[in-house]
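Inspection log for the structure reproduced underneath, given as structure tokens.
What follows is calculated from the coordinates using simple rules that are stated; it is not laboratory data. Computed from a prediction, not measured in an experiment: that's the story for all the values here. Ideal geometry is used to build each Cβ from the backbone, glycine not excepted, and the neighbour counts take in all protein chains shown.
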């Protein structure tokens, strides 16, 4: 698949088959991620690949609990809170793999650097015929001391992107896009 097609067809996929993603393919996705630009070429990223089913369940359970607490504290709409309370709701959508991109640097560009790597990874996955979804609901727990310890991450690193990866059971249709607001100067 060419880059233009990958960009146009990339979606947040939330339905996966049980088919595992091979080490080789996951390595190719990470290699594509490392080709992303970074501020002053720092390349501060750390990649953690989780395929252990028990750890995936823990990330979902504890990530959901942390997000639920934040939602309740911030007065989130009741239907979103109820969804998070549902014990059957898996924030990782039963995907066979999770790749957490963390920054070894806490500098001002940590989130930008890792986000650029995440976009490369997601486009490379689409080009390989796989689905991905950035799981923001895992963020609060992954950034906690418990989350970092569960993934074997150093305490001073910052998890930025939790990307699930897998073979799609159902591929979402495109969603309408707003036209870009562009200001031309000069």
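Count of region 113-139 residues, restricted to those that are out of contact with any strand residue (DSSP E or B) (no Cβ under 9 Å at 6 or more places or on another chain) and more than 10 Å from residue 33 (Cα to Cα), is 2. How many residues are more than 18 Å from residue 63 (Cβ to Cβ) and in contact (Cβ under 8 Å) with a residue 12 or more places away in the chain if we restrict to region 120-162? Residues flagged as more than 18 Å from residue 63 (Cβ to Cβ) and in contact (Cβ under 8 Å) with a residue 12 or more places away in the chain within region 120-162 amount to 14. Select from region 48-66 the residues that are surrounded by 15 or more Cβ atoms within 10 Å (Cβ to Cβ) and under 17 Å from residue 165 (Cβ atoms) and list them in ascending order. 48, 49, 50, 51, 56, 59, 60, 63, listed by residue number.
Output the residue which, of all residues in region 103-114 that are touching a helix residue (DSSP H, G or I) at 6+ places or on another chain (Cβ under 7 Å) and crowded, with 18+ Cβ neighbours inside 10 Å, is farthest from residue 42 (Cα to Cα). Looking at the filtered set, the residue picked out is 103.
Here's the yes/no breakdown for (1) within 29 Å of residue 7 (Cα to Cα); (2) surrounded by 15 or more Cβ atoms within 10 Å (Cβ to Cβ):
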residue	(1), (2)
142	yes, yes
145	no, no
159	yes, yes
163	yes, yes
176	yes, no
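With respect to residue 117, is the statement that it is buried (at least 23 other Cβ atoms within 10 Å of the Cβ) and without any contact (Cβ under 8 Å) to a residue 60 or more places away in the chain true? In short, no. Each residue in region 2-47 was checked for being at positive phi and surrounded by fewer than 14 Cβ atoms within 10 Å (Cβ to Cβ), and 2 of them qualify. Looking at region 96-186, the helices (runs of 4 or more DSSP H) lying wholly inside it that each contain 3 or more residues that are under 10 Å from the mean Cα position of the chain (by Cα) sit at 110-127.
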